[in-house]
1. Quick check on residue A:229: is it in a helix (DSSP H, G or I) and surrounded by fewer than 17 Cβ atoms within 10 Å (Cβ to Cβ)?
2. Restricting to segment A:114-132, name every residue that is more than 7 Å from chain B (Cβ to nearest Cβ) and farther than 26 Å from residue A:251 by Cβ.
3. Would you check which residues across segment B:36-68 are crowded, with 17+ Cβ neighbours inside 10 Å and of a type in the set (Phe, Trp, Tyr) and list them?
4. Yes or no: residue A:111 outside any loop (DSSP other than H, G, I, E, B) and either crowded, with 20+ Cβ neighbours inside 10 Å or at the interface with another protein chain (Cβ under 10 Å from one of its Cβ atoms) (or both)?
5. Show the residue pairs meeting these rules: Cβ distance below 9 Å; 6+ apart or different chains; first residue within segment A:60-71 and more than 12 Å from chain B (Cβ to nearest Cβ) and surrounded by 24 or more Cβ atoms within 10 Å (Cβ to Cβ); second residue among the polar types (S, T, N, Q) and part of a loop (DSSP other than H, G, I, E, B).
6. Can you find a residue that is in a strand (DSSP E or B) and farther than 22 Å from residue B:115 by Cβ anywhere in segment B:211-222?
7. Quick one: would you say residue B:251 is free of Cβ contacts under 8 Å to residues at least 24 places away in the same chain and acidic (Asp, Glu)?
8. Please find, among B:133, B:232, B:173, the residue that is without any contact (Cβ under 8 Å) to a residue 60 or more places away in the chain, more than 17 Å from residue B:304 (Cα to Cα) and in contact with a Cys (Cβ under 8 Å, 6 or more places away or on another chain).
Amino acid sequence: MDASLKKNLQKIACKVRMGVIEGTYNAKSGHPGGSLSICDTLTYLYYIKMNVDGANPDDPARDRLVLSKGHTAPALYSVLAQKGYFDEIELKSLRHIGAILQGHPCIHIPGIDMSSGSLGQGISAACGMALAGKLDGKSYNVYAILGDGEIEEGQVWEAAMFAAHYGLSNLTAIVDNNGLQIDGAINEVCSPEPITDKFAAFGWHVITMDAHDFDDIDRAFTEASAVTDKPVAIIQKSVKGKGVSFMENKVDWHGKAPNAQEYSQAMSELEAQLKELEG
Amino acid sequence: MADVIKKATRESYGEALRDFAQEYKELVVLDADLAAATKTGIFKKAYPERFFDCGIAEANMMGVAAGLAACGKIPFASTFAMFAAGRAYEIVRNSIGYPHLNVKIGATHAGISVGEDGATHQCNEDIALMRTIPGMTIINPCDDIEARAAVKAALDFNGPVYMRFGRLAVPVINDRETYKFELGKGVVLREGTDVTVVATGLMVNEAVEAAKVLESEGISVQVVNIHTIKPIDKELITECAEKTGLIVTAEEHSVIGGLGSAVAETVTERNPVPVVKIGVNDEYGHSGPAVDLLKEFGLSAENIVRTIKDAMKLKK
């Protein structure tokens, strides 16, 4: 990837992370850990990969994204705000009464393609969207982002079977493999491993990716686009809490908001990163 | 009554899907390995490219339907009531109901008349479950003509609809030429002054038969067919309560949460009169021929007659 493009994406991702901290801090609740782990992927998708337009969120020809791991909505809201779907100020009222930004994605929010949050369901809706695209001969692609804990839900595998059976090559599922879920390490809770083998066995084209390296993200999605006969699963190795030192790889930050002191520290860390990128 | 034509509403469902497919280009059908039983096989035969078997995976089927609807399709997700409303409840609630997507759920094999398969497949709780979902429309047609009209009404309505069909062949009681279906409107099939029977599904015919018997014994029975259980026709039910001062409800469903509950909720809010419920009394069914089970569980004209005679004592 071109160096200046890469730097630009890194800057945007850093701002997206700031939005996650801003949102969860003001909400006094929410899920910063798993939001921070998908910021780079979301940035790449919305700025490079997806055919979307913040000014025309309902365009029937647009690419779709279903955040199946809906609890990480702060990351998606943050990238949508950056893209102009709604004003950035909305992040400050995330989860508040009367706010447009609900605790989990809601289809009535500009840019949100599907309500989600009850784990295991978004991937099925993404299958339906991909099937509709195939039926109508449309060229849009559908992306679904799942958690590695989420794939413990049986419905995910019903959907995996369906997508392969109907050859939904316009569907890409991204599994955010940060290795942690609420009760602890995924391998200690009730292991969904081996993840790559499972998707391969279900008939998917499987790609592994470093979720925090834009060159590797670009490589993975470029490979995904070349697949024309089956759905693609990108298993992204990620760091829960990525970008905020005290949140990284800490399961405690799955579903806890930063307090005032933690907010300040997180923001100053991200500001320093941004400054370095801009410098 | 030797000339009465009987037909299962599930068959009407399959035929209606096929017959409306030409007019409604976005109509697609999903099933979960039960196409032969739900009768979506009739549609599949005519429009194989618009039929998608999801395998035995109802949760995913409901989610796929949601995604299709989000992209402009009108999916009919079809399976037995037990799996549509029961197994997939939370997916229907969160992936279809909450985003208010234009998904139609065709739930067949509802109620005790499933027969020999027994309790695991006799869903007497689906209306109760679906009623709790905000924005869900529920239609429970009484015969072939109404079932077909229900499918048309669902196609013309933008939003989630739960349609309930039966396995058992039931008498065709509506007139094909004159029948008009109005979503959310009850139908007065018989005028009466002493008591109103509010019935739905296959109990509508039983209610009409019971009214005939009671008339010969000097009790004037008003019979109302409620095909749309949600939103329920509050105006008509209130009128009936005022007119007859006593209501008996009849449904092939649990007495908890179904038509009887919906009627009682309306009546107690507006004009309290006694409401006596006929339905499955908070118990499981069991195996046996459908017609025998219906009798055993009191889902018959005879039991409506008996219940009304008792209930008349409640009138002030």
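1. For residue A:229, the condition - in a helix (DSSP H, G or I) and surrounded by fewer than 17 Cβ atoms within 10 Å (Cβ to Cβ) - is not met.
2. Of segment A:114-132, the ones more than 7 Å from chain B (Cβ to nearest Cβ) are A:116-117, A:119-120, A:122-123, A:130.
Correct list: A:130 only.
3. Selection gives B:43, B:51, B:52.
4. The answer is no for residue A:111.
5. Going by the 9 Å Cβ cut-off, the qualifying pairs are A:67/A:116; A:69/A:116.
6. yes
7. no
8. Selected residue: B:173, the only one of B:133, B:232, B:173 that is without any contact (Cβ under 8 Å) to a residue 60 or more places away in the chain, more than 17 Å from residue B:304 (Cα to Cα) and in contact with a Cys (Cβ under 8 Å, 6 or more places away or on another chain).
Read-outs: derived from the displayed coordinates by stated rules, not from any lab. As the structure is a computational prediction, the values presented were derived from the model and not from experiment. A quick note on method: Cβ atoms are made from the backbone with ideal geometry, for glycine too, and the neighbour counts reach across all protein chains shown.
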